[in-house]
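Report on the structure given below.
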Amino acid sequence: MVAPGLIILIILAVVMGITASYILYLARNSDSSLKTFTVYLILAMMNGMLIGPAVYFLGILPFTIVDTVVISAGVMVLELAYPLISLANNLMDDQKTMKVNLPVVVFLTLFNEFLMSLIFNSISTSQYVNQIYGTNVLKMFSELVSSYWFVFPMSLEMGLTAILTIRKEKGFFFVFILLQSLVMFFTPDAISTSIWTEISVYLGVSVMTILLVYVFESLFRKDFVYQGFSRYILEILGVYGLMMAGVMLFQYNSVEIVISISIIAEMIIYLHAIIRPDYLNRGKKVYWLASQKWSTAFLVLVYVAEVGMGATMDFQFYGTHAFINSMGLASFGGNFLNIVGQFLFNSVTFVGLLSLSTFFYLMMGIEMGTLVLFKFLNSKELENRIRLVLLMVAFAVYSVLIPSFILPTTVQHYTFLGWSMGIGSAGGLAPALILPMILTYAVSGILSLLFGARQLCSVFCTAPLMYQGTFYNSMKKFNKTGKLASSLSRAGEKSKLYRMSSLTVYASLGAASVISFLYHYHYIKPITVYGEDPLQFIYIILFGIVWYLVFITMPYLGNYGCINTGYCHWGNFNRFVGKYGLFKLKVKDPNQCVTCETKACNNACPVGNTGHPGNFIKDGFYKESRCVGIGDCAEACPYDNIFFYDVRNYIGEKLTLKEKKVNSNRK
Ligand code: SF4
Ligand code: SF4
């Protein structure tokens, strides 16, 4: 289509978007029958104006321009009949006010946009719709809804309506909806060119990441959200999960239907919320730190959306089919049981490897890293600030840069670098891998002896970045309020669950190690899980699936569930060694603890450790294998009394002692 024609269509689409926003503004603020009637009038006129040309451009029947005008006029009259009658009734009875019928306004708003997309797609391609799609109605629906003639005006409408209606309320939801309209704009199949798909996948996920960080930090700073908005957040997160699945499907085989359904679903949820003046910021308050159900639903939906966000970027960067082929999924075949086994293996491997993938980590690193940065900015203890910086750097370099970009194919040959979670994390017990794996235990063990297991559980592991940001850290409250969470965080290694899960993991690792060793050394034929080394499969299950299940059920299992449930063999090993090492918490003045009114340190630990004051008063120090040096106790102490003691202090003491001896010998 020549540029002038296209410019006219773009101007019309923008006018359409602005008009639709104004209608929504009117509908939301309609407090009289006349205003409500005006809403219907404009909607019906727009619908009438569009339906005639749409029937024409469908190209199914040989309609003339006159026919389309007649159809348009007829539809307009029909759609205005009911509002006119009820307006007349209401004007006669001034007790009554004609109310906005939500489903009608939502339907007509979306239908108008759909008709516009149909007409403009036909005009811009100079083809009748049935010439493009034939009788494939599903394809027509999905491509017209995902087209830029639908998506861009919708994104404009969403943003503009928010500005028109709720900007004055400056609520959390105002920014939420502005970011939402940007996410809508970056719909990957809106423009069918590979460059747009590339740009919009990365920018769309970036905006979603900013939106999630904004939600996390806003929830952290506000201890409640209104019921309407709490529901809205969950609904939009659900839609984002669906949308990401749709984008993955589109990247895999260009099928757009799931994206289109998610767009319609998002618009229905949005329009329902924005038209009702009292929905987002009125009504019952949901104190999310007191609602296990809401918080868990929130974490589950966030996780599902995030796995999809990471996957779409992995697919874009590595190539969809290349990335999926690299996962080693089993091909389906054989009897029913076999197929069930292949399905379970593929599901665990697919989700597990996506949760361990480069772009999932990259996205999580930015998202959770920002929350850790906020915690860093709120921290007063220098030691904590240094550790939080180390933690962010370790995630960026040790967990993402080195394994994904610097040593993507050889990292398993490097001690410590390649084995981030101990045995199984970089392969089976192949001859070339055994030494770097064993040396990793030695290096990590020595670090835990010198600095405590916090070197791992508060710096090198990826978990601390997820747990220690402002929002997630504040969920330590559930350690006290959740029934299971409080018993786990109190009992620690003594809890039945801890013992059962740690023993199960050790037994499976033991069996898998024997099998892996024997077949790598050709003592037996290869025994694998659909081609996957049993040790590596256990790693995928534990850190690609179980870790996230424990994380997203934090309101029930408590914060730092990876420590309190005992399944993390790597953490258990380092904490076991750390028990015999130098690390402990010490106080500058135990007497301060005697007189301390708050004993604030006692309730600050995200892992659930308690008993600090008693130990400080009795011994002047606190040593607990589950203490991984997060330092919230030190932050909580009003007298700045707590400090971390490790090899640095030990050497310092030795040197001071030596110096004193030298000085006293000189005298
Ligand atoms: S227990 Fe395991 S998963 Fe948790 S922080 Fe420590 S090493 Fe990481
Ligand atoms: S809050 Fe500080 S002073 Fe009080 S008991 Fe704890 S360490 Fe001691």
*asked:* Residues that are within 12 Å of ligand 1 (Cβ to nearest atom) and more than 24 Å from Val372 (Cα to Cα): does region 626-641 have at least one?
replied: no
*asked:* Given the criterion modelled with pLDDT of 95 or more and not in a helix (DSSP H, G or I), identify the matching residue among Leu280, Leu301, Leu356, Leu362.
replied: Leu356
*For Ser86, indicate whether it is among the small types (Gly, Ala, Ser) and either outside any helix (DSSP H, G or I) or more than 42 Å from the chain's Cα centre (by Cα) (or both).*
yes
*Would you tally the residues in region 633-667 being open to solvent by less than 60 Å² (accessible area, probe 1.4 Å), acidic (Asp, Glu) and within 11 Å of ligand 2 (Cβ to nearest atom)?*
1
*Checking Val662 against (1) at negative phi; (2) within 16 Å of ligand 1 (Cβ to nearest atom), which single condition isn't satisfied?*
(2)
_Looking at region 559-581, can you tell me whether even one residue there is touching a residue at least 24 places away in the same chain (Cβ under 8 Å), more than 16 Å from ligand 1 (Cβ to nearest atom) and over 31 Å from the mean Cα position of the chain (by Cα)?_
yes
_Return the residues of region 582-599 that are more than 10 Å from ligand 2 (Cβ to nearest atom) and either more than 40 Å from the chain's Cα centre (by Cα) or open to solvent by less than 20 Å² (accessible area, probe 1.4 Å) (or both); say none if nothing qualifies._
Phe583
*Which condition does Phe336 not pass, out of (1) among the aromatic types (Phe, Trp, Tyr); (2) more than 27 Å from Val201 (Cβ to Cβ); (3) in contact with a Leu (Cβ under 7 Å, 6 or more places away or on another chain), if it passes all the others?*
(3)
*How about region 439-518: which helices (runs of 4 or more DSSP H) wholly inside it have at least 2 residues that are away from ligand 2 (no atom under 16 Å from the Cβ) and under 23 Å from Lys584 (Cα atoms)?*
463-467, 483-491
*Complete set of residues in region 600-632 that are open to solvent by less than 10 Å² (accessible area, probe 1.4 Å) and near ligand 2 (Cβ under 8 Å from one of its atoms)*: His612, Phe616
_Which pairs turn up if I take residues in region 604-627 that are more than 20 Å from Pro638 (Cα to Cα) and look for partners that are open to solvent by 10 Å² or more (accessible area, probe 1.4 Å) and assigned to a helix (DSSP H, G or I) with beta carbon separation below 6 Å, at least 6 apart in sequence or on another chain?_
Ser625/Lys579
_Within region 451-461, does at least one residue satisfy the condition of being more than 13 Å from ligand 1 (Cβ to nearest atom) and within 17 Å of Gly581 (Cβ to Cβ)?_
yes
*Residue check, Asn121 surrounded by 20 or more Cβ atoms within 10 Å (Cβ to Cβ) and assigned by TED's automatic domain parsing to the domain that holds Ile42*: yes
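For (1) closer than 24 Å to Ile366 by Cβ; (2) open to solvent by 30 Å² or more (accessible area, probe 1.4 Å); (3) not basic (Lys, Arg), each residue gets a yes or a no:
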position	(1), (2), (3)
Tyr148	no, yes, yes
Leu160	no, yes, yes
Phe173	yes, no, yes
Ile177	yes, no, yes
Ser181	yes, no, yes
Ser194	no, yes, yes
Glu198	yes, yes, yes
Arg221	yes, yes, no
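The values are calculated or read from the model by the stated rules, or taken from the named source; none is laboratory data. Being a predicted model, the structure only gives us computed values, none of them experimental. Glycine gets a Cβ as well: all are built from the backbone with ideal geometry, and neighbour counts include every protein chain shown. The area values use the complete protein model at the heavy-atom level, side chains included, leaving out ligands, DNA and RNA. Shrake-Rupley method; radii C 1.70, N 1.55, O 1.52, S 1.80 Å.
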